[in-house]
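The values are calculated or read from the model by the stated rules, or taken from the named source; none is laboratory data. Note that this is a predicted model, so its numbers are computed, not measured. Neighbour counts are summed over all protein chains in view; Cβ atoms, including those assigned to glycine, are modelled from backbone coordinates with ideal geometry. Please note that ligands, DNA and RNA were not included when accessible areas were found on the heavy atoms of the full protein model with its side chains. Shrake-Rupley method; radii C 1.70, N 1.55, O 1.52, S 1.80 Å.
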Amino acid sequence: MHSHNKYWFFFQCILMVKKILLVITIPVTVFSCHSGRQSALAQTVAVHKLEGRKQDPQVVASTRFSFVQPTDSTRFVLSVISEKEFASSEITYQDKIKRDTNRFKIINGEIRLPLATGKSFVVKNNLSKDDNFLEYKYIGYLPDIDKYLMECTGYEWYEYFTVDKQTGDTAIFFEKPQISPLNGKLACVYYDMYQTELPMIQISTYKLTAKQISGYDTTYIAISDQKYPMACTLIWENEISMLIKLSFESSSSEYLRLKMRR
């Protein structure tokens with residue numbers, strides 16, 4: 001078996017066990033990251049593949065970065081860009097998070113987010129010193145899609161999730177999600193240096209329809225020199241192009257453009 005295929009299979013198996021995107025309706029007022037992940041298997045999420053034109057030439061990024069699945073080149077164009085290009089878009093891009101962090105205080109270990117229904121979405125911390133540890137943090141409000149953004153930290157893991165202000169529906173993400181300039185898409189970049197033998201990053205993109213997440217797509221980019229980034233930053237260049245900054249421990253940062261084929 002080809003080495004990339006072997007790593008790909010191994011990586012997929014772990015991801016299915018460890019983390020999974022979910023969109024759920026909360027039947028009760030108290031939310032738990034654990035219960036959310038368990039119920040994800042019972043949910044149906046419409047997956048929409050981004051169609052690409054095979055006649056469009058692929059722009060090769062470099063020998064250091066490549067798609068784990070070669071077929072991803074029919075959906076995306078991957079290229080290396082300069083620090084100047086990234087910095088220019090970073091100035092103009094707005095992450096659209098209204099950081100009103102003082103609005104919701106932790107009271108008796110709980111954070112309560114008011115919903116349009118008159119009820120509250122409630123999360124409760126568990127600051128025990130064992131595997132049951134859970135700590136919630138309110139990140140801010142996303143007015144363009146009418147959702148709260150929260151962070152949940154567990155024992156040796158963390159994740160972000162949005163809470164729909166109208167319904168209380170939630171969506172869980174590997175990393176902090178970023179909304180595209182015209183509010184049509186949402187994306188996040190994720191990596192885990194302890195998860196696979198093959199260093200790679202994962203970019204997940206989601207479609208937004210009437211402020212709701214209607215589907216998602218994921219691509220994986222391998223790093224050939226066996227070095228994992230210490231940090232990743234994703235911003236939107238425009239509605240179909242994302243820029244990614246990879247910070248490595250002992251070298252200068254690398255910058256990538258991941259562009260969707262129309």
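Across the range 115-149, the qualifying residues are those that are part of a strand (DSSP E or B), of a type outside the set (Ser, Thr, Tyr) and without any contact (Cβ under 8 Å) to a residue 40 or more places away in the chain, and the one among them that is nearest to LYS207 (Cα to Cα) is LYS137. Would you check which residues across the range 104-148 are of a type in the set (D, E, K, R) and over 14 Å from TYR160 (Cβ atoms) and list them? Those that are of a type in the set (D, E, K, R) and over 14 Å from TYR160 (Cβ atoms): LYS105, GLU110, ARG112, LYS119, LYS124, LYS129, ASP130, ASP131, ASP144, ASP146. If only residues of the range 127-142 that are open to solvent by less than 60 Å² (accessible area, probe 1.4 Å) and out of contact with any Gly (no Cβ under 7 Å at 6 or more places or on another chain) are counted, the one that is nearest to GLY184 (Cα to Cα) is LEU142. Residues that are small (Gly, Ala, Ser) and under 14 Å from ILE81 (Cβ atoms) within the range 214-262 comprise SER241, SER252, SER253, listed in sequence order. Of all residues in the range 86-107, those satisfying the criterion of being aliphatic (A, V, I, L, M) and surrounded by 13 or more Cβ atoms within 10 Å (Cβ to Cβ) are ILE97, ILE106.
Restricting attention to the range 108-126, which residues are open to solvent by less than 80 Å² (accessible area, probe 1.4 Å) and on the phi < 0 side of the Ramachandran plot? Once the filter is applied, which keeps residues that are open to solvent by less than 80 Å² (accessible area, probe 1.4 Å) and on the phi < 0 side of the Ramachandran plot, the range 108-126 yields GLU110, ILE111, LEU113, PRO114, LEU115, ALA116, SER120, PHE121, VAL122, VAL123, ASN125, ASN126. Residues in the range 231-248 that are out of contact with any helix residue (DSSP H, G or I) (no Cβ under 8 Å at 6 or more places or on another chain) and among the acidic types (Asp, Glu): GLU239 alone. Looking at the range 213-262, what strands (runs of 3 or more DSSP E) fall wholly within it and have at least 1 residues that are touching a Lys or Arg at 6+ places or on another chain (Cβ under 8 Å) and open to solvent by 10 Å² or more (accessible area, probe 1.4 Å)? Ranges flagged: 231-238, 254-260.
Looking across the range 62-74, just one residue is open to solvent by less than 30 Å² (accessible area, probe 1.4 Å) and part of a loop (DSSP other than H, G, I, E, B), and that is VAL68.
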